[in-house]
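In what follows, a single structure is set out as structure tokens and then discussed.
The values are calculated or read from the model by the stated rules, or taken from the named source; none is laboratory data. All of these numbers come straight from a predicted model, not from anything done at the bench. No Cβ is skipped: glycine too gets one built from the backbone with ideal geometry, and neighbour counts run over all protein chains shown.
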Amino acid sequence: MYKRILVAVDGSEVSNWALQESIRLAQDQVAILRVVHAIDAGRAYATPELSNPVSVEQAWIEAGREILATAQALGREAGLTVEGKLIESEALGNGIADAIAEEARTWPADLLVVGTHGRGFLGHMLLGSVAERIVRICTVPVLLVRAGTGSGPSSRESPASTTP
């Protein structure tokens, strides 16, 4: 049984699918749901094109807080105990995946739910994947949710706008 479920959200359609699946699982398992959003704060300072990295970082933090508030509200509407956490990673590269996996370990989660685009081999080679890195390094079980699969909302609806 899963008593502590952690879900990573970024406001995208695929992360909204993961959120919906984690809500269903938490309801079924009578589990606590922790929603996390990670930002790579170091990227704002490492991008020379950005004239004001401090304001960019602050905008990312504010957007992350809004994403978390929306996700937490959906979980509470479903009758769950929901926690939220904004994670700020300073590490470039795989910092987001590492930060999410570390949060799953230290919270400690019984299950980590992450959305994935399900790109093929070439997509992984060219773009990489936060979800793929999480699966490789995470010490707790990971559930990958692909957009448009499972019993979630239809692919024409935004999962964040539906009631679980």
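List pairs: first in the range 139-158 and under 23 Å from Asp110 (Cα atoms) and among the aromatic types (Phe, Trp, Tyr), second at pLDDT below 50 and surrounded by 12 or more Cβ atoms within 10 Å (Cβ to Cβ), Cβ under 6 Å, 6+ apart or cross-chain? If the second residue must be at pLDDT below 50 and surrounded by 12 or more Cβ atoms within 10 Å (Cβ to Cβ), no pairs are left. Assessment of the range 134-157 against the conditions (within 17 Å of Ser12 (Cα to Cα), at pLDDT below 95, assigned to a loop (DSSP other than H, G, I, E, B) and acidic (Asp, Glu)) yields at least one matching residue. Exactly one residue out of Thr47, Thr70, Thr81, Thr106 is free of Cβ contacts under 8 Å to residues at least 24 places away in the same chain and touching a helix residue (DSSP H, G or I) at 6+ places or on another chain (Cβ under 9 Å): that is Thr47.
Can you find a residue in the range 102-112 that is part of a helix (DSSP H, G or I), of a type in the set (Ser, Thr, Tyr) and either in contact with a Cys (Cβ under 7 Å, 6 or more places away or on another chain) or modelled with pLDDT of 90 or more (or both)?
First, pick out the residues of the range 102-112 that are part of a helix (DSSP H, G or I): 102-106.
Within this subset, residues satisfying the condition of being of a type in the set (Ser, Thr, Tyr) are 106.
Filter once more, so that each one left must be either in contact with a Cys (Cβ under 7 Å, 6 or more places away or on another chain) or modelled with pLDDT of 90 or more (or both): 106.
Scanning the range 102-112, I find at least one residue that is part of a helix (DSSP H, G or I), of a type in the set (Ser, Thr, Tyr) and either in contact with a Cys (Cβ under 7 Å, 6 or more places away or on another chain) or modelled with pLDDT of 90 or more (or both), so the answer is yes.
Sort through Gly93, Gly79 and tell me the only one that's of a type in the set (Gly, Ala, Ser) and at pLDDT 95 or above.
Gly79
In the set Leu68, Leu86, only one residue is within 11 Å of the chain's Cα centre (by Cα) and surrounded by 19 or more Cβ atoms within 10 Å (Cβ to Cβ); that residue is Leu68.
Can you tell me which residue is nearest to the chain's Cα centre (by Cα) among those in the range 21-46 that are surrounded by fewer than 20 Cβ atoms within 10 Å (Cβ to Cβ), modelled with pLDDT under 85 and of a type outside the set (A, V, I, L, M)? Of everything passing the filter in the range 21-46, Gly42 is nearest to the chain's Cα centre (by Cα).
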